[in-house]
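Q: First the structure, then my questions, so here it is.
The values are calculated or read from the model by the stated rules, or taken from the named source; none is laboratory data. Everything numeric here is computed off the predicted structure, so don't read it as measured data. Glycine gets a Cβ as well: all are built from the backbone with ideal geometry, and neighbour counts include every protein chain shown. SASA here: full protein model, heavy atoms, side chains in, ligands and nucleic acids out. Shrake-Rupley method; radii C 1.70, N 1.55, O 1.52, S 1.80 Å.
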Amino acid sequence: MSLTAVTAPPRSGKTPRTTLAVACAAPLLALLNYTVPMVTLPETAQALGAGPTGPAWILNAVSLGLAALLLVAGAIADDHGRRRTFVAGTATLAAGGVVAALAPTTLVFVLARLVQGGASAALLAASLGIIGHAFPAGHDRVRATGLYGAMLGLGVALGPLVSGVLATAASWRGVYWTVALSAAVLAVVAHRSLPESRAAEPRRVDVPGVVTLSLGLAALIAGVIEGRLGWGRPVVLWAFAAAVVLLAAFAVIETRRREPMLDMGLFRRPPFLVATGGALVTGFALIGLMSYLPTVLQVTRGMTPLGSAALFSIWSGLSFVAALQARRFLPHARARLALGLALSGVGTPVLLGLVTGWSWWKVVLGLAVSGVGSGLVNAALTHLAIESVPQHRVSMGSGANNTARYVGSSLGVAMIAAIVGGHGAAGGIDIGIAVCSALMLLTALAVALVRTHRA
């Protein structure tokens, strides 16, 4: 198969700078949408009459949609058009936002968030593929992927703040109207300004792979969400059993297909293992931990949602700044990943005693150091995701990387919640911090030592 890609004839205004700006709007909007329920969860659950598991589904439904469809969206973008996938994703995100804003029940809201998760998957996979195609290699690609990674941090920073402000000024529904309007505008701009690109020889849709992977990841995330009310419940055990069977079937199917959705041979390539493994650990130990800490502060310290969002903007804001500047002092992506994980692993233990020994300087210092590390990680993973796969499969690389990240974050939040539930907020959060810190430091060491040259 040819390693080249097809690009539509350029229209006026389709410059690399415009392409980069529009593509980078995708992670900003997707992560803003991902984080908005974190500070409005109590109000949303009460308004929708959520039952015992309702809040968990309200918070995690978008993760399920993301994890289940990221790799699928990457394959579709590569084979059938990255701009087309991008525009379809933004339009669907807008529609999901309207339904979420109008939702009368928890079920309708959760379904809308599932749709938004799938739409965000299309946005993330296609946008990074667009950047990988527009900036084939060299300094320009490092700069572009650094800016893209910075938008991840900015989205995490703005989501809770925007949600908290709109909830205070109007209601929790206001932020979903805002997301819907922003997505609709981005869809129009993307259709008019982005160039189209795809693989030179599109493959047939891998229907067995799509079905087994999507259902397997959906079962895994559903089991994690339901497990927060008890890991021995039949629904949880059945969900995990289904996930094991379906994901094993996916692996077998992909090794036997001539045109697989995910080339399993990539797992024999150290660069791909570094990128995917780094994303999984980042999701589990870093995003999972930082997603749960605001809830701990609200419950134990009596902080308001907006107050906790403002405090954690130290972490997400420095993540944004560090990702923007990463290329200036660390040109190699693997070095950025190793240093970023190490800084995050060093910064999070400063937060030990968060409940029993509260200290403003310790909290700010821990969030600041970890935030810088997070920014380096975001910039590195964005670059490695498209560098570790063939040029004509850059959207697939983005899909695989982000799938690992969001599966990891769902598992990380569940792990922290289970530990806190079993040991109490004070002791449980300290155990969770220690586990996550150790995992990040070990992964940083592994990334630094692994040899990533091709055989």
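Q: Would you pick out the residues in the range 155-200 that are closer than 30 Å to Arg393 by Cβ, of a type in the set (Ser, Thr, Tyr) and open to solvent by 20 Å² or more (accessible area, probe 1.4 Å)?
A: Scanning the range 155-200 gives a single hit, Ser182.
Q: Test Val244 against the criterion of being modelled with pLDDT of 85 or more, more than 22 Å from Pro52 (Cβ to Cβ) and either open to solvent by 70 Å² or more (accessible area, probe 1.4 Å) or not in a helix (DSSP H, G or I) (or both), and give yes or no. It would help to see each step written out before you state the result.
A: Values: modelled with pLDDT of 85 or more: yes; more than 22 Å from Pro52 (Cβ to Cβ): yes; either open to solvent by 70 Å² or more (accessible area, probe 1.4 Å) or not in a helix (DSSP H, G or I) (or both): yes.
Answer is yes for this residue.
Q: Further question: Kindly indicate whether Leu339 is closer than 13 Å to Ala444 by Cα, at pLDDT 90 or above and open to solvent by 40 Å² or more (accessible area, probe 1.4 Å).
A: Details: closer than 13 Å to Ala444 by Cα: yes; at pLDDT 90 or above: yes; open to solvent by 40 Å² or more (accessible area, probe 1.4 Å): yes.
In short, yes.
Q: Answer yes or no as to whether Gly149 is closer than 22 Å to Ala67 by Cα and in contact with an Asp or Glu (Cβ under 7 Å, 6 or more places away or on another chain). Let's see the steps before the verdict.
A: On the way: closer than 22 Å to Ala67 by Cα: yes; in contact with an Asp or Glu (Cβ under 7 Å, 6 or more places away or on another chain): no.
No: the conditions fail for Gly149.
Q: Considering Leu449, Leu442, Leu411, which residue is over 26 Å from Leu213 (Cα atoms) and surrounded by 14 or more Cβ atoms within 10 Å (Cβ to Cβ)? I'd like the intermediate steps shown before the answer.
A: On the way: Leu449 fails: surrounded by 14 or more Cβ atoms within 10 Å (Cβ to Cβ); Leu411 fails: over 26 Å from Leu213 (Cα atoms).
Of the residues listed, the single one that is over 26 Å from Leu213 (Cα atoms) and surrounded by 14 or more Cβ atoms within 10 Å (Cβ to Cβ) is Leu442.
Q: Within the range 201-231, which residues are farther than 30 Å from Gln391 by Cα, of a type outside the set (A, V, I, L, M, F, W, C) and open to solvent by 60 Å² or more (accessible area, probe 1.4 Å)? Break it down into steps so the answer makes sense when it comes.
A: Of all residues in the range 201-231, those farther than 30 Å from Gln391 by Cα come to 219-231.
Checking which are of a type outside the set (A, V, I, L, M, F, W, C) leaves us with 223, 226-228, 230.
Listed by number, the list holds a single entry, Arg228.
Q: Further question: Scan the range 271-295 for residues that are closer than 17 Å to Asn60 by Cβ, of a type in the set (S, T, N, Q) and under 13 Å from the mean Cα position of the chain (by Cα) and report the count.
A: 1
Q: Next question. Out of the range 414-427, which residues are in contact (Cβ under 8 Å) with a residue 12 or more places away in the chain and open to solvent by 10 Å² or more (accessible area, probe 1.4 Å)?
A: Taking the range 414-427 and keeping what is in contact (Cβ under 8 Å) with a residue 12 or more places away in the chain, we get 414-421, 425-426.
Those that are in contact (Cβ under 8 Å) with a residue 12 or more places away in the chain and open to solvent by 10 Å² or more (accessible area, probe 1.4 Å): Met415, Ala417, Ala418, Ile419, Val420, Gly421, Ala425, Ala426.
Residue by residue, here is whether (1) more than 25 Å from Cys24 (Cα to Cα); (2) small (Gly, Ala, Ser); (3) assigned to a helix (DSSP H, G or I) holds:
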residue	(1), (2), (3)
Met303	yes, no, no
Ala310	no, yes, yes
Ala323	no, yes, yes
Arg334	no, no, yes
Ala338	no, yes, yes
Thr356	yes, no, no
Val363	yes, no, yes
Asn378	no, no, yes
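Q: Quick one: in the range 356-369, which of the residues that are open to solvent by less than 30 Å² (accessible area, probe 1.4 Å) and of a type in the set (A, V, I, L, M, F, W, C) is farthest from Thr276 (Cα to Cα)?
A: Of the residues in the range 356-369, the ones open to solvent by less than 30 Å² (accessible area, probe 1.4 Å) are 359, 363, 366-368.
Narrowing further to those that are of a type in the set (A, V, I, L, M, F, W, C): 363, 367-368.
Values: Val363: 30, Leu367: 25, Ala368: 25 Å.
The qualifying residue farthest from Thr276 (Cα to Cα) is Val363.
Q: Considering only the range 80-105, state which residues are within 19 Å of Val175 (Cα to Cα), buried (at least 21 other Cβ atoms within 10 Å of the Cβ) and hydroxyl-bearing (Ser, Thr, Tyr).
A: Thr90 - this is the single residue of the range 80-105 that is within 19 Å of Val175 (Cα to Cα), buried (at least 21 other Cβ atoms within 10 Å of the Cβ) and hydroxyl-bearing (Ser, Thr, Tyr).
Q: Which residues, taken from the range 115-152, are open to solvent by less than 10 Å² (accessible area, probe 1.4 Å) and among the hydrophobic types (A, V, I, L, M, F, W, C)?
A: Going residue by residue through the range 115-152, those that are open to solvent by less than 10 Å² (accessible area, probe 1.4 Å) are 116-117, 119-121, 123-132, 141, 144-146, 148-150.
Ala119, Ala121, Leu123, Leu124, Ala125, Ala126, Leu128, Ile130, Ile131, Ala144, Ala150, listed by residue number.
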